[in-house]
Amino acid sequence: MALNEQQRHKLKKFIKELGQYKGRHTELVSVYVPQGYELVKIIQHLQQEAGTATNIKDAATRNNVIDALEKMIQHLRLFKKTPDNGLAAFSGNVAAQQGKQDYRVWSIEPPTPLKTRIYRCDKQFVLDLLGEMLDEKEMYGLVVMDRRDAHLALLKGKSIILLAKTHSEVPGKFKAGGQSAARFSRLREESAKDHYKKVGDYMKSQFFGKEGLKGILVGGPGPTKYEFVEGDFIITELKKKIIAIKDLSYTEEFGLQELVDRSEDVLANEQITAEKKIMTKFFDSLAKQPGMAGYGETQVMELIKRGAVETLLLSDELAEEKIEAFESEAGKMGTKIEIISTETREGVQLREIGKVAALLRYEIKEY
């Protein structure tokens, strides 16, 4: 299941915070409790490890490990049961200066189910499993083409990732002197078929067997894309995955973006479409009914405190402390919060107008 932007932001923040800490020895404790696993068994295991840690020769390391385990056990006892998706917990002495003590404990219920049980003492916290959850597992293949060029890419979350591009040897529309019209036409068709075959080969190398590939979108100007899809150039397994063929005005990188824009009907449940939709609604309101929208940190914070904000839009490039301040005030007023990435054009526009915007519950005549 794809993470929504708030889940992604929360997890990235958590990983970034814990990633800054380093132990002097193997004394930082990481515990992953799988979905459905009994916490009491984890606690019993940690108690055994605390007993074993008494054998550590270095006194400072021994004390740090034992104290970290005891803090962890105390923390886990606060939970009546394992959260639905499991639990990742971390503890240790993270004091910046040697000889000082600053024992801290963190835990998070991951946004997707944990399947792996881990207990580890190391010089740093084990964060790989959480980091993997940020990687988009589901994706779409994109093919934009005409008789001259083709570009292949992946749509992962909100990112368009270019994979390959190829240029054909199809002659232009005007034949050279001395060539018969029939021969010239035959040469063009043969070159076009060579081009289609090459694009089909690229699709096989880039998309075939790709884990998480939900579908393939094909687009381009003119009839070329239909000739390609309907011909015998694409292996059956990939042809079955083609879920939309779209008429485009552009090719190359502009065409890839246009293909995504024109495929909103088939991408309706995807993050990129949801984000573009809410930002489009904001800009439409700003243009046509400005009293129903606001932007800028000072103005939006005032509107939140007045209870006027229905949906708060925050750029993921806004400083963390400011995001927390807005989330705190919005929570008091039942305001919905959307974290907007800068991976779309609309997200970049939000960043450029101050990183904070709002859709309002009712029209405000003056601020």
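All of the numbers you see were taken from the coordinates with simple rules; none came from a lab. Worth saying up front: this structure is predicted, and the values here are computed from it rather than measured. Reconstructed Cβ throughout: ideal geometry from the backbone, glycine too, with neighbour counts over all protein chains shown.
Considering only the chain, what is the antiparallel percent among its DSSP beta bridges, to the nearest 5?
Here the share of antiparallel DSSP bridges comes out near 70 percent.
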Could you list, bin by bin from short to long, the percent of Cα-Cα pairs of the range 17-133 in 5 Å steps?
2, 12, 24, 23, 20, 12, 5, 1
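How large is the translational diffusion coefficient of the chain in µm² per second when you combine the Kirkwood radius over alpha carbon pairs with Stokes-Einstein at 25 °C and 0.890 mPa s?
For these conditions, the coefficient is 99 µm²/s.
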Candidates Phe326, Phe233, Phe254: whichever shows maximal mean-square fluctuation once the chain is modelled as a Gaussian network with Cα springs under 10 Å
Phe254
Which of Leu313, Leu46 has the fewest other C-beta atoms within 10 Å, and how do the rest follow up to the most?
Leu46, Leu313
Taking Cα atoms, the helix 252-262 axis meets the longest principal axis of the chain at an angle in degrees (rounded to 10) of 80
If I model a spin label as a point 7 Å beyond the Cα along the Cα-Cβ vector, how far apart are those points for Glu211 and Phe283 in nm?
3.7
Report relative contact order for the range 17-133 in percent, whole number only (criteria: Cα-Cα under 8 Å, sequence separation at least 6).
41
Identify all aspartates and glutamates with a Cα-Cα distance to Lys41 below 17 Å; exclude those on the same chain that are fewer than 8 residues away in sequence.
Glu49, Glu70, Asp84
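Hey, what number do you get for the chain at 222 nm if only DSSP H runs of n ≥ 4 count, each worth -39500 (n - 2.57), divided across all residues, to the nearest 500?
-13000 deg cm²/dmol
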Whole-angstrom Cα spans of the range 271-360 along principal axes, big to small:
30, 30, 21
Against the longest alpha carbon principal axis of the chain, how many degrees, from 0 to 90 and to the nearest 10, is the axis of helix 5-19 turned?
50
Taking +1 at the Cβ of each Lys and Arg and -1 at the Cβ of each Asp and Glu, which of Gln6, Gln35, Val143 sits farthest along the dipole of the range 1-160 towards its positive end, judged by Cα position relative to the Cα centre?
Gln6
What number comes out for the charge environment of Phe208, summing +1 per Lys or Arg and -1 per Asp or Glu over other residues with Cβ under 13 Å away?
+2
Most fluctuating residue given options Lys80, Lys12, Lys193, as computed from a GNM of the chain linking Cα atoms under 10 Å
Lys80
Quote the relative contact order of the chain in percent (integer), defining contacts as alpha-carbon pairs under 8 Å separated by 6+ residues.
14
